[in-house]
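Everything below concerns the one structure shown next.
Nothing in this text is a laboratory measurement; each read-out follows from the coordinates by a stated rule. Remember, predicted model here, so these are calculated numbers, not experimental data. We place every Cβ from the backbone using ideal geometry, glycine too, and count neighbours over all the protein chains shown.
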Ligand code: FES
């Protein structure tokens, strides 16, 4: 079972068990992780699931799609090179994920 490590803006790290096939966003919402709002439920229309993905893990996921790219321009905290929408990061068996939650989502 993959683990998802969420680093909060204050440096606190929380680790949650993820289910393969679920997204990082679904894992956060199911476990009540602070800072992942996910207003749209994962249909790429809110950008409130913004995270910074660990740089060395980015090649595990498909590149940012045009739709995700457009929404990443609408994040409350400025977009960074490692920014992703966590609803687009799908967990795989045995692959832990490390993300940082930005200071603002709304
Ligand atoms: Fe809305 Fe990810 S949950 S874009």
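Quick one: if you stick a label point 7 Å off each Cα along the C-beta vector at residue 1 and residue 77, how many nm between them?
Calculated label separation equals 2.7 nm.
Could you grab the relative contact order for the chain? Cα pairs under 8 Å, six or more apart, rounded to a whole percent.
Relative contact order, the chain: 41 percent.
Based on DSSP H runs of at least 4 residues, each adding -39500 (n - 2.57), what is the mean residue ellipticity at 222 nm of the chain after dividing by all its residues, to the nearest 500 deg cm²/dmol?
-3500 deg cm²/dmol
Dividing the alpha-carbon radius of gyration of the chain by 2.2 N^0.38 Å (N being the number of residues), what value is obtained?
The value comes to 0.94.
Give the calculated FRET efficiency between residue 96 and residue 65 to the nearest 0.05, with a Förster radius of 22 Å applied to their Cβ-Cβ distance.
Efficiency computed from Cβ-Cβ geometry: 0.40.
Can you compute the modelled spin-label distance between residue 15 and residue 55, with each label point 7 Å from Cα toward Cβ, in nm?
It works out to 2.4 nm between the two label points.
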